[in-house]
Amino acid sequence: MPHTLNATSLGTLTDGDRLRLALAAGAIVGTWFWDVTADRFTVDEQFAAAFGLDPALGRAGLSLAQVIATVHPDDKAGLTAAIKQAIARGGPYAHQYRVRRLNGSYHWIEANGRVDRDAAGTITFPGVLLDVDERRVLAAERDRAKRLLEAFIEAVPGVVYAKDRNGRMLVANRGTLELVGKPLAEILGRTDAEFLSDPAEAEAIMRLDAAVMASGQTLVAEEAVRRPDGTPAVWLSTKSAFRGEDGQVIGLIGSSVDITDRRCVEASLRETEERYRLAAQATNDAIWDWRLADGHVIWNNALEDRLGHALRETSAAWWIEHIHPDDRDRVDQSIHAVIDGSGTGWTEEYRFRRADGSYAAILDRGFVLRDDGGRATRMIGAMQDLTDRRAAEAAVRESEERARLAAEAASMGTWDLDLRSRDLRWDARTKALFGLALDARVTFEDSFLGGAHPEDRDRVRSAVEAAVTRHGTGTFAVEFRTAAGTDGAGRWVAARGRTLFSDDGEPLRFIGTMVDITELKTAEARLRELNETLESRVAQEIAEREQAEEALRQSQKMEALGQLTGGIAHDFNNLLQGITGSLSVIQRRIGQGRTDDLDRFIEGAAGAAARAAALTHRLLAFSRRQPLDPRPVRANALIASMEDLFRRTMGENVAVEFALAEDLWVTLCDPNQLENAVLNLAINARDAMPGGGRLRIETRNVDADDLDMPHDRSLRHSDYIRIAVSDTGIGMDAATMAKAFEPFFTTKPLGQGTGLGLSMIYGFARQSEGHARIESDPGAGTTVSIFLPRHRAALAEEGAQPAGAAPGTTTSGETVLVVEDETLVRNLVVGELADLGYRVLEAAESAEALAILRSGRRIDLMLTDIGLPGLNGRQLAAAARELRPALKVLLMTGYAQDASRASGFLDHGMELITKPFEMAALVSRLRAMLEGEALPAGTAADAPGGQG
């Protein structure tokens, strides 16, 4: 310690003075008389008690050895030496030491006596004992406190000092010297103004000191000072008034701590905390701080913003309770494995319950904070809501899967050629198209060009060169054959690509797709063959049954022939479905720009398919098996809308007249079929007037008696409308009229008619619960009348969507179950629906479909063929409705015996569509049903087809 305060001296007391003081204070605890020469102590009872001796021994006399025996072992040597010195010197004696009492404890005493020697040489040593135990304890405590204070002042960080009333330095520790930068001698006894180099700093300190001494209070304040090197610093000072024994302020004591670094750290910490606070507000993550000792958890506002919980503080148990039950144990175990172990980082994914009861997909990351002993004390982390990302990832996976399935369904492959490095990349499908193994190495020359059929190679090379040159077309579209690969087979491919150029026109990459069109080429060949033999095959089938037909009545012949043609239509329509479906898909892809140069095939195939479809429709209409789409129809409006068509069709030498009854009743029939029937009758009339004439179309209301067919039980209605088409042509005799409604009967030259026009009209009328009749005379023209029953139910709203208008095809991700035993048809329908964004499930038979229906998966609509193995489509629909009463069902048929005539064949929410159909028609019907635009129960829909 540089300097300490000295206690005030009390002066030196004489032995007599001390004895008198002791007697006055009652501090004497015993007396003794020692005959030194005889070594005999005589002591009183107090002395004996003080030394822990038997009082009787004290009165009888004790030796010095007996007295010293009770002295503390550490004090014996000093006591013996002091006694010897006193005897040798003579005169006063005083010595302090510890003696053992009867209870075994030691206490301090002070022996005061005098050594006297008489003339005879006898030495006596009387004295008294003073109790100084308390004084010694107090003195020891004072000394210890003094040393402790000195050590504390030196050890305490910063500055410790004391000043008098005038501000002069009385005490200063090492920190004070370091702050001022001067030795102690230049500080003690001087004021701050005398030893500080900065007058302004000294004045501020002394002014504060004076305020503290004036108020007599303790003050804590920050003081701006400068270190010895001139750098500024901030000290946190605590100053108190120092009072004398009379309570008056006599000075000041104080201490100061350098908080410059702390202030910098606090500023940095505030800045960091502000950044973290802003980051926590900006992030979507729910940030948490878990105090492990009591389970207290603090959250940021994302807990409410993202998960809906309007909380800032929870318990850890609350967090655990909101984890999905299936994830809870796993998460609890994993986080405690990190906490209880030695790890610091923890990551887990789980489902967390929002405030609305739904669950969010969570990625949670946390870090454990540990004390110096390695015990976990806190854990801080963030919960990231992955729900949107998971949904997006699922959508991407679904999109990629759709793209992959579409590419597989379309036999599509891709290529990518780097035109600078000539590096060529083919996907697995492209390698398969060229007959190469999946791991085969490919090059442009050997694989792309060399893989083309020798007869097509030059054409492919020329097209590539035209696409990839600097001033070339930049596009590539070629159909060619591949050479036989390692699999021994070649394919037809349609390749479409384009070149990517740099800003200065340099070709960089040549990319594109390849579509396997081998099946298309094969289908075209088959379709050409079918086209050439179709009518002869049908005629041959009919001819083989003519003998049986002649044996039946006319109505029976027509029913039998209907059965026959229905069977033919079933097989033939399934064949046509594969062809027209493939061409429809190809045509759509051309519209999307995915293939090129296919128009000549599409037009020929579509035309042939349309003729085949028209033929089957006529056969079915004749046999009254054609599924219809019956709707309330105003026949006058329908006929009026066809006026321009009639006039263009008739030509300039045929006059067209209309006689339409103003009060014509509404009828229930298929408006498309009615249009076809009237148009066919008009065309027949035109053909019957080669030199020109007059066409008259008349409508009126009639009752059942006007039909003049009292024995026909199929005519169940009392009121009908009559549509009559009359001409002024060549007419026909009775024999011709008798056969006019028979299938394949025609008076036209070979190749100009099928003989199914009138039979189709007859079938349509009978299927609509009406009738058809011919009136004619040779040379006097012909009138063909169609009788259709009156419909008494209310018409559909005038503003309803007109026939033929297609609903939108925008999907909302609905799921459609497709049930079709014909693989080609099923694949086409599934592919088309998947391309349009529907989720598609597929089954080849009823049992497989029922298993899917029982699975609990979402299904919005079931599209099923009627002609299925096992349960047919209608039976499957009934079973499906048992499982899912609200399920919508669209039935497909190429020929469904009595389907459209049977009462209750279609329940509510069921509709019927006829093969072959255009994909657009199918999609339109599906969309309408899914959007709630389905027709009433029992409604069927026919696909677009040719006319009679």
Failed criterion for Thr430 (all others in (1) β-branched (Val, Ile, Thr); (2) outside any strand (DSSP E or B); (3) over 20 Å from Arg498 (Cβ atoms) hold)
(3)
Every residue in the range 75-122 that is touching a Gly at 6+ places or on another chain (Cβ under 6 Å) and over 17 Å from Phe33 (Cβ atoms), please.
Arg100, Arg101, Leu102
Tally time: how many residues in the range 837-868 are over 15 Å from Leu891 (Cα atoms), in a loop (DSSP other than H, G, I, E, B) and touching a Ser or Thr at 6+ places or on another chain (Cβ under 8 Å)?
5
Tally up the residues in the range 204-244 that are touching a helix residue (DSSP H, G or I) at 6+ places or on another chain (Cβ under 6 Å), closer than 22 Å to Lys182 by Cα and free of Cβ contacts under 8 Å to residues at least 24 places away in the same chain, please.
1
Checking Ala280, Ala302 in turn, the sole residue that is modelled with pLDDT of 80 or more, touching a strand residue (DSSP E or B) at 6+ places or on another chain (Cβ under 9 Å) and farther than 30 Å from Leu208 by Cβ turns out to be Ala302
Failed condition for Gly308, given (1) modelled with pLDDT under 90; (2) surrounded by 14 or more Cβ atoms within 10 Å (Cβ to Cβ), with all others met?
(1)
In the range 45-61, how many residues are in contact (Cβ under 8 Å) with a residue 12 or more places away in the chain and within 20 Å of Gly104 (Cα to Cα)?
10
Across (1) at pLDDT below 55; (2) more than 52 Å from the chain's Cα centre (by Cα), Ala608 clears everything bar (2)
Leu236 assigned to a strand (DSSP E or B), modelled with pLDDT of 90 or more and either loosely packed, with under 10 Cβ neighbours inside 10 Å or in contact with a Lys or Arg (Cβ under 9 Å, 6 or more places away or on another chain) (or both)
no
Among residues of the range 720-740 being assigned to a loop (DSSP other than H, G, I, E, B) and hydrophobic (A, V, I, L, M, F, W, C), the residue surrounded by the fewest Cβ atoms within 10 Å (Cβ to Cβ) is Ile730
Kindly indicate whether Glu134 is over 16 Å from Ser237 (Cα atoms), outside the structural domain of Ser256 (by TED's automatic domain parsing), surrounded by fewer than 18 Cβ atoms within 10 Å (Cβ to Cβ) and in contact (Cβ under 8 Å) with a residue 24 or more places away in the chain.
no
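For (1) assigned to a loop (DSSP other than H, G, I, E, B); (2) polar (S, T, N, Q); (3) not assigned by TED's automatic domain parsing to the domain that holds Gly505, each residue gets a yes or a no:
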{"site": "Arg420", "(1), (2), (3)": "yes, no, no"}
{"site": "Gly435", "(1), (2), (3)": "yes, no, no"}
{"site": "Ser447", "(1), (2), (3)": "no, yes, no"}
{"site": "Glu455", "(1), (2), (3)": "no, no, no"}
{"site": "Asp458", "(1), (2), (3)": "no, no, no"}
{"site": "Val464", "(1), (2), (3)": "no, no, no"}
{"site": "Gly472", "(1), (2), (3)": "yes, no, no"}
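Filter the range 161-181 for residues that are part of a loop (DSSP other than H, G, I, E, B) and closer than 18 Å to Val257 by Cα and give the result.
Asn173, Gly181
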Failed condition for Trp32, given (1) part of a strand (DSSP E or B); (2) farther than 14 Å from Ile109 by Cα
(2)
Can you confirm whether the range 378-399 contains a residue that is modelled with pLDDT under 90 and surrounded by 15 or more Cβ atoms within 10 Å (Cβ to Cβ)?
no
If you take the residues in the range 415-450 that are surrounded by 16 or more Cβ atoms within 10 Å (Cβ to Cβ) and among the β-branched types (Val, Ile, Thr), which one is modelled with the highest pLDDT?
Val442
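Residue by residue through the range 363-395, note down the ones that are of a type in the set (Gly, Ala, Ser) and either not assigned by TED's automatic domain parsing to the domain that holds Trp319 or not in a loop (DSSP other than H, G, I, E, B) (or both).
Selection gives Gly366, Ala376, Gly381, Ala382, Ala391, Ala392, Ala394, Ala395.
For the range 182-192, check the following and say yes or no: at least one residue is part of a helix (DSSP H, G or I), in the same structural domain as Asp164 (by TED's automatic domain parsing) and without any contact (Cβ under 8 Å) to a residue 24 or more places away in the chain. Before the answer, list the steps.
Within the range 182-192, the subset part of a helix (DSSP H, G or I) is 184-186, 192.
Subsequent filtering for residues that are in the same structural domain as Asp164 (by TED's automatic domain parsing) retains 184-186, 192.
Next, from what is left, pick out any that are without any contact (Cβ under 8 Å) to a residue 24 or more places away in the chain: 185-186.
Within the range 182-192 (the criterion being part of a helix (DSSP H, G or I), in the same structural domain as Asp164 (by TED's automatic domain parsing) and without any contact (Cβ under 8 Å) to a residue 24 or more places away in the chain), the answer is yes, since at least one residue qualifies.
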Every residue from the range 641-680 that is β-branched (Val, Ile, Thr) and within 17 Å of Thr783 (Cα to Cα):
Val654, Val656, Val678
Of everything in the range 825-872, what is among the charged types (D, E, K, R), under 27 Å from the mean Cα position of the chain (by Cα) and farther than 19 Å from Met910 by Cα? Give them in sequence order.
Asp835, Arg839, Arg857
Tell me yes or no: at least one residue of the range 689-705 is modelled with pLDDT under 85 and under 21 Å from Met737 (Cα atoms).
no
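The values are calculated or read from the model by the stated rules, or taken from the named source; none is laboratory data. It should be emphasised that the depicted structure is a prediction, and the values quoted were computed from it without experimental measurement. Glycine gets a Cβ as well: all are built from the backbone with ideal geometry, and neighbour counts include every protein chain shown.
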